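Below you will find the structure I want to go over with you.
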Amino acid sequence: MLEIWFSQDERKTLKMNALIVYDSQFGNTERIAQRITSTLSEFGQARSVRVGQVHSEELQGVNMLILGCPTQGMRQTPAMQSFITSIPRELLSGLSVACFDTRFRGGFWKFSAAPSMAKQLRTMGVGLLIPPESFFVKSMKKEGPLLAGELERAASWAHVLSEKITAHQLAVKS
């Protein structure tokens, strides 16, 4: 796969405006969302908002939407599912979208929240900028904590997102 790296200045000229909407019960998903937000802030505007505190109108002017939540019952949380359903299709048109979840890493875990969110978005006619990503907690206990290195992995994932949206915007621009 060919990787194209853009300078920080090149990325900033394209005016990335990312909104990270997350749900979190014990703080693990929130920590991942905050790391993604701080990393993307190096390349443009980025802010994170808890799912219960965001309204779909806040998507106006956003060109990247990132959704994240813990895996519950092998799918997204009811609050995230409801938020996705509430987004008017016209606001999703032209948005670059990505999804992530937090979950336990184990052999019997075949399903998780991020692919479930991606499927829900596909039924609304929205494709993802990159495949869904999972970040892992140490144990099946509800409070986690995150495995060592997951915050760094979240920062790396955010860098990939920044590269992808830059390439996408340049392609649309030309």
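How many residues are loosely packed, with under 14 Cβ neighbours inside 10 Å and closer than 16 Å to residue 24 by Cβ when one looks only at region 80-92? Quick ask: steps written out before the conclusion?
As a first pass, look at region 80-92 and keep what is loosely packed, with under 14 Cβ neighbours inside 10 Å: 82, 85-86, 88-90.
Those left that are additionally closer than 16 Å to residue 24 by Cβ: 82.
So the count comes out to 1.
A further question follows. Please go through (1) at pLDDT below 55; (2) of a type in the set (Ser, Thr, Tyr); (3) closer than 21 Å to residue 153 by Cβ for residue 13 and return the number of the only condition it doesn't satisfy.
Failing condition for residue 13: (3).
Additional query: I'd like the full set of residues that are farther than 22 Å from residue 117 by Cβ and touching a residue at least 60 places away in the same chain (Cβ under 8 Å), limited to region 133-151. Don't jump to the end; show me each part of the working.
Going residue by residue through region 133-151, those that are farther than 22 Å from residue 117 by Cβ are 138-139, 141, 143, 145, 148-149.
Within region 133-151, 143, 145 qualify.
Then there is this: Give region 93-117 a look and list any residue that's among the hydrophobic types (A, V, I, L, M, F, W, C), in contact with a helix residue (DSSP H, G or I) (Cβ under 9 Å, 6 or more places away or on another chain) and crowded, with 22+ Cβ neighbours inside 10 Å, or say none.
The initial filter retains those residues of region 93-117 that are among the hydrophobic types (A, V, I, L, M, F, W, C), namely 95, 97-100, 104, 108-109, 111, 113-114, 117.
Then keep just the ones that are in contact with a helix residue (DSSP H, G or I) (Cβ under 9 Å, 6 or more places away or on another chain); that gives 95, 97-100, 113, 117.
Correct list: 98, 99, 100, 113, 117.
Further question: Name the single residue, out of those in region 51-78 being surrounded by fewer than 15 Cβ atoms within 10 Å (Cβ to Cβ) and within 16 Å of residue 29 (Cβ to Cβ), that is farthest from the chain's Cα centre (by Cα).
73
All but one of (1) out of contact with any Lys or Arg (no Cβ under 6 Å at 6 or more places or on another chain); (2) over 17 Å from residue 19 (Cα atoms) hold for residue 71, so report the exception by its number.
That leaves (1) as the condition not met.
Looking at 158, 167, can you tell me which residue is modelled with pLDDT of 90 or more and under 18 Å from residue 39 (Cβ atoms)? Spell out the reasoning first.
Details: 167 fails: modelled with pLDDT of 90 or more.
Just a single option satisfies the conditions, and that option is 158.
Among 46, 33, 79, 118, which is the only one that is touching a Pro at 6+ places or on another chain (Cβ under 8 Å), at pLDDT 95 or above and either hydroxyl-bearing (Ser, Thr, Tyr) or closer than 21 Å to residue 134 by Cα (or both)? Reasoning before the result, please.
Details: 46 fails: touching a Pro at 6+ places or on another chain (Cβ under 8 Å); 33 fails: touching a Pro at 6+ places or on another chain (Cβ under 8 Å); 79 fails: touching a Pro at 6+ places or on another chain (Cβ under 8 Å).
Result of the check over 46, 33, 79, 118: 118.
The values are calculated or read from the model by the stated rules, or taken from the named source; none is laboratory data. Given the structure is predicted, the values throughout are model-derived calculations rather than measurements. Positions of Cβ are backbone-derived with ideal geometry, glycine not excepted, and every protein chain shown enters the neighbour counts.
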